[in-house]
1. Suppose we keep only residues that are assigned to a loop (DSSP other than H, G, I, E, B) and over 12 Å from the mean Cα position of the chain (by Cα) within region 1-16. Which one would you say is modelled with the highest pLDDT?
2. Here are some conditions: (1) loosely packed, with under 10 Cβ neighbours inside 10 Å; (2) in contact (Cβ under 8 Å) with a residue 12 or more places away in the chain. Residue 52 meets all but one. Which one does it not meet?
3. Tell me yes or no: at least one residue of region 38-56 is within 15 Å of the chain's Cα centre (by Cα) and part of a helix (DSSP H, G or I).
4. Could you tell me whether residue 19 is part of a strand (DSSP E or B), touching a strand residue (DSSP E or B) at 6+ places or on another chain (Cβ under 8 Å) and surrounded by 10 or more Cβ atoms within 10 Å (Cβ to Cβ)?
5. Determine which single condition residue 41 fails, assuming it passes every other condition in (1) at pLDDT below 90; (2) loosely packed, with under 10 Cβ neighbours inside 10 Å; (3) on the phi > 0 side of the Ramachandran plot.
């Protein structure tokens, strides 16, 4: 399931950032789609991402 979650940007409507096990992503999406809209009157948006290499040095050529 969900390993960690937090709220961010609440002053502009907010969103949650969730660390989710890969095999649980689709189940979480379906559950939020099913429960969010009836409660808040609008559809939830999703932006699944994967971690990438962090910042590093770039050599000037």
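1. Checked region 1-16; the qualifying residue modelled with the highest pLDDT is 1.
2. Of everything listed in (1) loosely packed, with under 10 Cβ neighbours inside 10 Å; (2) in contact (Cβ under 8 Å) with a residue 12 or more places away in the chain, residue 52 misses just condition (2).
3. no
4. Taking the combined requirement at face value, the residue satisfies it.
5. All conditions are met except number (1).
The values are calculated or read from the model by the stated rules, or taken from the named source; none is laboratory data. The structure presented is a predicted model; accordingly, all values stated were derived computationally and were not measured. Counting neighbours? That spans all protein chains shown, and the Cβs are built from the backbone with ideal geometry, glycine included.
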